[in-house]
Structures are given as C-alpha cells and as structure tokens.
1. Strands (runs of 3 or more DSSP E) wholly in the range A:334-375 with at least 3 residues that are of a type in the set (A, V, I, L, M, F, W, C) and either at negative phi or out of contact with any Cys (no Cβ under 9 Å at 6 or more places or on another chain) (or both) - which ones?
2. Of the residues B:V279, B:V372, B:V338, B:V287, only one is under 30 Å from A:Q97 (Cα atoms), crowded, with 16+ Cβ neighbours inside 10 Å, in contact with a Ser or Thr (Cβ under 9 Å, 6 or more places away or on another chain) and not polar (S, T, N, Q); which?
3. Mind counting the residues in the range B:56-83 that are within 20 Å of B:T23 (Cβ to Cβ) and assigned to a strand (DSSP E or B)?
4. Every residue in the range A:103-144 that is within 30 Å of B:N302 (Cβ to Cβ) and of a type in the set (S, T, N, Q), please.
5. At least 2 residues that are charged (D, E, K, R) in each: list the strands (runs of 3 or more DSSP E) lying fully within the range B:96-168 that qualify.
6. Regarding A:V160, is this residue crowded, with 22+ Cβ neighbours inside 10 Å and among the β-branched types (V, I, T)?
7. I'd like to know if the range A:295-306 contains one or more residues that are under 24 Å from B:A76 (Cβ atoms), more than 31 Å from the chain's Cα centre (by Cα) and among the polar types (S, T, N, Q).
8. Just checking, does the range B:313-320 include any residue being crowded, with 17+ Cβ neighbours inside 10 Å, in the same structural domain as B:A265 (by TED's automatic domain parsing) and within 34 Å of the chain's Cα centre (by Cα)?
There are 2 protein chains.
Amino acid sequence: MKFTVQRDVFHQAVSSTQRATATRVIQPILSNILIESLDSNRLQLSATDLDFGIETWVQGQIIEPGKTTLSAKKLAEIVAKLPSGSEILFEIDSESQVARIECGASSFDIRTLPPDEFPVIKPLDQENYIELELKALIRAVNQTAFAAASYETNNVLGGVYFKLTAESLEMAATDGSRLARCQEKVTTENVNEEIAAIIPVKALQEFVKLVGPSAKSDDRVRLAIQEGQISFRTSDVYVVSRLLDGQYPQYQQLIPNDNSITAFANKMSLMSSLERTSVMANERTNVVKLSFENGNLSLAANTPEIGDSKDTIEATFHGAEPLSIAFNYKFLLDALRVIESDDVRMETNGALAPTLFKDKENNNFLCLVMPVQVK
Amino acid sequence: MKFTVQRDVFHQAVSSTQRATATRVIQPILSNILIESLDSNRLQLSATDLDFGIETWVQGQIIEPGKTTLSAKKLAEIVAKLPSGSEILFEIDSESQVARIECGASSFDIRTLPPDEFPVIKPLDQENYIELELKALIRAVNQTAFAAASYETNNVLGGVYFKLTAESLEMAATDGSRLARCQEKVTTENVNEEIAAIIPVKALQEFVKLVGPSAKSDDRVRLAIQEGQISFRTSDVYVVSRLLDGQYPQYQQLIPNDNSITAFANKMSLMSSLERTSVMANERTNVVKLSFENGNLSLAANTPEIGDSKDTIEATFHGAEPLSIAFNYKFLLDALRVIESDDVRMETNGALAPTLFKDKENNNFLCLVMPVQVK
C-alpha cells in the first residue's frame, strides 16, 4: 500500500476517527485506526471500540491500493507535529508490515497490525435507511443528552430515548431526578411506521461533536436501525453505535399537565443569580432555595460553618400564595442552558411537586426537575 | 470594619493574593486572606502559607477602619461571580464577626477568623534594602528556574542560587542532570558586598507570575534578606519567602571551558525537529539521538514494539570527526525555549561529555545538559 495525502485534511480525519478508539485496551487492534483505499483518490479511516464506531473519508493519491491498521495515538501525534500545508507519503512494506510515513526531511517507521483482525463496522443498509434533517437531530440531542445518567453505560437511563414518525422526532432522557424532552416537526423519508430506540448518550454526543460544527441548515442525515445497532451517515462521517436493550420509563406519565402555579423570569438573569448564590450552596447537595413573592424571585443558599448567600431578581408569579421551592441548582443551570427563549417559564403544583422549565411560549422542549425538601 | 471597593480591582487583588494561601490546610487561618485598612482609601490584602507570603494593595473607600480574615477560596468565588464594573460593600458585624458582602441585589454572609491569629508577614527593612532592575531579575528567573529540581522542596536543588554584586546578577539552578546559569549586568543600590542566597523556585516563579505581565522596562525591585527570609517589593506587590539552608553545589567547576566540538543550528528548526522526533522516544527515558555530519544534524528516536522516527535539519558542525550524542529531549527543549538568539550554539568534548547550549554569540546564558549513553 502506498499513498499521499495533504497533512491538514488527514490531520482532521485522524482526529475525528480517533474518538472511537478504545481507551482501555483489551485487544490492541481496538486502539488502532484502519486505513484503506477505496479507489484511486479516496481513503477510508475507521475506528471502533466494538460499542461505537466511526468512519471518515479523505482525499488522497493512491499509488498502490491496500489496507493497514496502526496506533491511532501515535498516528495522531505524528500528524499533529508535521508542518501544516505539507504533503505526507505513506508506504507499507509488504514484507515487514512496517508503515513508513515521510514528510519533508522527517520519516517515521511504525508497526502495523493485520487489517483482517480489525472488527468489521457494519455498513448502512442501503435499502432500509430513513432520512431526516441533520439540524433537527443535533438540536434534539443538545436539548436532552445532559439529563441522561452519565454513570450508567449499560442501563437504559444511560441512553436517550428516540422516537421518530413520518412527521415528528421526539427525544427524551432522564436520570431519575430530572427529565428532558424535546419534540420537533421533521420531514423524513422512508418512515412508514413509528421507530423507537434507546441510544447510548456517549454515541449521540460524539456524533454531534463530529458533525455539529460544520452542519448546514439543509444537511440531512441517514439512519438505519438493524440487529441492535443504529447508524448515522452524513456527507462527512459514518457513525455506528449499539443500542441499549430494555424498556424505557413511561416518562409521559410523569409530566404534570395541570399546573396551578406559573412563573416567568429572564433566563440570563436567573442563570447569573443561580451561579452567584451557589457559591454558598452545600457542596454535596447543591441546594438553592427559590422564593417567589410580589414580582420578585429571591434565591438563597447556605452551608453551616461557612456562610449564607442571597440574591433577588425580577420575576412574574401566578399562584394562589407565595411559593418557596428548592432545587439542585446544577439541574436548573443544565435546563436553562438549552432553553432558547429570552425568558423562561416555570410550572408547578407546589414546593414538593415535579416542576417544569420551558421556553416562554413554546412547548417543544421541557425539563422536569424534582424539588428537594428543605426545612 | 466597613468599606467599598470596585469589583474589578478587588477581583485582581484577591486572585493575586490567593496564590500564597496554603493548599493543604493544617491551620484554617492559612487558607484565609487578611484584609486591613491602611488609611481612608487604601486596603492591604495578605496571605501566607508560612513559607511564602504575598501582600497587595487596593484602592477603596474606608467608611470604618479595621481588619478581618476570610476564606480566600470563598472570597475569590464570590468576587469572580459579581458583575464586572460593579461596586462592592463590605461590612463586618463586630458582634457576630460575620462579614457581609453586598453588591446590587446580591448579599453574602461569610464567617471570619480573628485577624490577631493571622501570622505576621515581616515587612521589608527600610534601612537595609537593596535595589536592582525588575526586568533583569525576571529574565534571570525565566532562564534558570526550569532547571531546579521540582520535587525537592527542602533540598538546595529545589532552589535557585542567587548572587548579586554592585554590578552583576548571577542566578543558577540544577537538578543534577542539567544546569542553567544566567549572568546579567545590573545597576544596583545599596549593594556594598556580594550577596548570595538560595531561593525556593516556587517563590521566584510566583513572583514572576505576579509582576511579569505588567513589568515596565524602567521598573525597579527592592530586596531585603534577613533572618533566613528574602522579600521583594515592587509598586504593586510585596512577596516574602523563606530561604533554603545549606551549601549550593560548586557549579562553576562543572562548566567545561575548553570544548573541542561546536555546532550551530536554527533554534526553531531544532525545537520543531525535536518535537517531531520525540513522538517515537521511549516514554520513560525520553532519549533522542543527535548525529552531526556534513552540514546536517539528524535526529532519531525509537521505542521497541512501536516504531522509529528520523528527522534532518541543517547545522554547522566543527569537530575532528562525526559526533553522535543522545539526550533527554525534554531537557533540550527547556534550554532552547529560553535562548533568545535565532541560532543556538552547542559545545562539547564528546558523546559522553557535559554539553553546553548557549545563545549563538552571547555567553550570558548557558544550559549544561549531561548526555545519555546509548548503544
């Protein structure tokens, strides 16, 4: 195998692909990147930790076709240190299976592992794919992924619930203390029945990191779900992830429809106020108390032995009597960060009832947070 | 005690002073900042971990004079989260000894500790100070501190040797594998005899961090050495450090005067080449081999089981026969970083001899690095 590539595009492709390599290596090949020539001017780079896989493509000049695998970490380090704008020559010695990487006066010999030991990343089923707007998927991931349980990699709570019909996408995540749900109108292709899956949160976040920065408003993404796996294909990248098995909680039943109390506040003011007040919040419980009265929202926190904090912002409040309610302030900040309107709406039935945080007027997104009981 | 301060200048002063607080707290007061009013419009902030102390000053309006101490960490967090451009009111309740911090609609109550428990930071002896250019001191610290032993806090090798005469400053540091020495012409005041001390490297680095960014070319620094301590005073800050006790190595004897081999290379080319080649250097020994021949310098590294690297740059070489010499590449990069000329000069007597790295033409700075024996 022998080819040349431009350092900058190759650097980008290696950095992206590397994200799927295994961090704790049981099989050494899982820390490698598979490089294979597709035709006379295109290479494919692949990596997988068996749960999650990435394929990217890069232009190059293929002098002698072939495939090989080499350490993603070493390859990334080498390419990062080669000068921007330069051309890189790769040549794999068929006898020794050593890859020689040449660039200007630099050369590197790096051990390879046989490409036939590299696990196959299942290609997208060209017959059974479905399609929707990429931007809608990215937005739904951003508005839900934060609420998934980060420590639960094999439990359904470590996933994001995904439900697609011909005209709507719904995604939801919960870690038991809070729930985020996003509903969006979409224009799909090939969606003939409702499709549901539980997708590991890490896979969705990696996908958004890869495609988010360059996503254009009319880009579309192709999905396929088969044999416990989901794949996403855009023009730049192909991502595969296993799905999580099990029954996702019936979260719709948890969302209160009739809330007797509503309040509105400016989102940025509330976020700054939470951040200031939280300085004195207990570092273990993160509790901040919100008190609504007379057009004002007061926030308060305290840690015995250290001190107290208090802050007041303007807020509109509709309720029969004043309300004092306490939350883990980190959950509120997570919800506020993804609310898109200038003002935020809060809805609840009382100090111990599940409380909703939403866009001021739009019901597409909601985050339910359970309050904390305080004396 | 009661005063107002501008948030931005106070934030800066708290951040600077906080650097001297104890990180592992045995006495809680050592994690506090002492705030005291000096006159009707000036406050002094102090912190010390007993080995090292910082005092800074900040303008404010003193409504009621006094002093108090409060948690540097909490104070820094609070001030960081208050809006830029705002005014802060401090009031210490003389009964409860709680400090109330008010800013806009925010208020914080924070426990204080009695100021008379705060250790005294010895003031500069106004009779016995010496004075020199601040920039010269900063430069000498930057050119030597990296070579001190970072793990040795009570050994002389964890310090920088400081020697001042009426007309010259010399500083040197060594960790046993390398030595950095800097000599500068200075204009001093009150230096009537040679002054020598071993200053902990952390104190010098903190001092340079505090004063380096704003140091102007004609700024001067006042020093005093008394009772095992050294103090530095600029217009913005006062820093005190204990000195290290003991005999500093006779490093002048280690520096070879007659070197039969000299070589020159472009500093940036050599640094980039070392960084590229080091990708394949053994992660434990960091060895990179340099081979000089025919106007070229070749660099090479290898780790069995992973691979090899090779790079070539232009170099001028004067020696009776070709030279191959190996170093811990990190030591070379540290030395090259502080060399100020475009080209670097290397001088040695052979592959196992102490090797000097210097400015191309200037002998004020040198870094001696011991080579590594390789097969």
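1. A:365-369
2. None of the others qualify; the one that does is B:V279.
3. 4
4. A:S106, A:S107, A:T112, listed by residue number.
5. B:98-103, B:106-113, B:130-133
6. Yes: the conditions hold for A:V160.
7. Yes, the conditions are met somewhere in the range A:295-306.
8. yes
The values are calculated or read from the model by the stated rules, or taken from the named source; none is laboratory data. Just so you know, these numbers come straight off a predicted model, no measurement behind them. Don't worry about glycine lacking a Cβ; one is built from the backbone with ideal geometry, like all the others, and counts go over all protein chains shown.
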